[in-house]
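The values are calculated or read from the model by the stated rules, or taken from the named source; none is laboratory data. Values in this document were obtained by computation on a predicted structure and should not be read as measured data. Cβ sites come from the backbone with ideal geometry, for glycine too, and all protein chains shown count toward neighbours.
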Amino acid sequence: MNKAAFGIMALLALAAFCLVPAGLDAGGEINHDGTNVYKVSTTEDFSVMYTYDEGDQGEISFSAKVVDKSGNTQASAVSPSTGSLDSGFSKTVTVSVPSKTGEYRLIVEYMLDDEKVSESEYVFKAVNPITLTVNLTAEDASLNLEEFGVYFYVDGQKMDDSYSTITLSANGSGSVSYDWIADPESGAHTFSVKAVGGSSMIKGLDEVHTFYTEDNNYTVVIVLAFIILIALIIWAVVVYRKPVKNYGKPKARR
């Protein structure tokens, strides 16, 4: 075999390897489109899948649940919570995001003939949306402006899901709001509103506003408040029980 033939065969082998479909690794997996931060009391769709390993056989089934950081299972949080699967094919399950903010895990166990063979998990956060509002005013109310589209920008980044149309009132005033669903770092952040086509005649557009977010974990504050309360109670008891010294009426001078 000459070098040219050997090279062609090597290229064909490499091409065949590259054409092997992705996602055929054995085991279970969870997939979701988008971020892992969701608004409380909403629903999100996930896909679960199990792929046979070499030598695997038997009926594939799954069991899914949502747990909080303490490991407590959230009631009726996954639908369907159990079911059957075909190797390499996904099934959609709907997760009900808890009403309480915090970090949660979607845990899926995979069984072959009712014997657990794999487990996968997906970490997500439930948050309260941060409502951002901008007041708008037309410099010339006689412009009779009709609806126009705008986007919100947070920390300089365009929020693709923030598009909305605005109708200004007869006097040229109006407002626009956006529920920002995110888990930002505590501290200062900025936001602004920009018109799709641009409109220099509307006051409020392109103006940068600053807002602040705080850590929602109040454990330290609660502990400190409790310690201060105990200290105040102890101080009050000591003051109440402290005997009052009576030195009597001073003697009159002779």
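Could you count how many residues in the stretch 162-183 are under 28 Å from the mean Cα position of the chain (by Cα) and free of Cβ contacts under 8 Å to residues at least 40 places away in the same chain?
Going residue by residue through the stretch 162-183, those that are under 28 Å from the mean Cα position of the chain (by Cα) are 162-166, 175-183.
Add one more test, that the residue is free of Cβ contacts under 8 Å to residues at least 40 places away in the same chain, and what stays is 162-166.
Of the residues in that region, 5 qualify.
So if I check each of 204, 197, 149, which one is part of a strand (DSSP E or B) and at pLDDT below 90? Talk me through it step by step, then tell me what you get.
Numbers: 204 fails: at pLDDT below 90; 197 fails: part of a strand (DSSP E or B).
On inspection, the qualifying residue turns out to be 149.
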- Item | Restricting the stretch 153-165 to residues that are in contact with a Ser or Thr (Cβ under 8 Å, 6 or more places away or on another chain) and part of a strand (DSSP E or B), the residue that is farthest from residue 192 (Cα to Cα) | 154
- Query: Can you tell me which residues in the stretch 40-64 are charged (D, E, K, R) and surrounded by 17 or more Cβ atoms within 10 Å (Cβ to Cβ)?
  - Reply: 44
- Query: For the stretch 71-90, how many residues are more than 23 Å from the chain's Cα centre (by Cα) and assigned to a strand (DSSP E or B)?
  - Reply: 4
- Query: Which residues, counting only those in the stretch 30-70, are outside any strand (DSSP E or B) and under 30 Å from residue 128 (Cα atoms)?
  - Reply: 32, 33, 34, 35, 36, 40, 41, 42, 69, 70
- Query: So which pairs qualify, if the first residue must be in the stretch 63-91 and in contact (Cβ under 8 Å) with a residue 40 or more places away in the chain, the second must be exposed (fewer than 15 other Cβ atoms within 10 Å of the Cβ) and of a type in the set (Val, Ile, Thr), the Cβ gap must be under 7 Å, and the two must be at least 6 apart or on different chains?
  - Reply: 63/82; 65/73; 67/73
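Give the number of residues within the stretch 105-139 that are among the aliphatic types (A, V, I, L, M) and free of Cβ contacts under 8 Å to residues at least 40 places away in the same chain. Explain how you work it out, then say what you get.
Restricting attention to the stretch 105-139, the residues satisfying the condition of being among the aliphatic types (A, V, I, L, M) are 106-108, 111-112, 117, 123, 126-127, 130, 132, 134, 136, 138.
When the remaining residues are screened for being free of Cβ contacts under 8 Å to residues at least 40 places away in the same chain, the result is none.
Residues that pass the stated criteria total 0.
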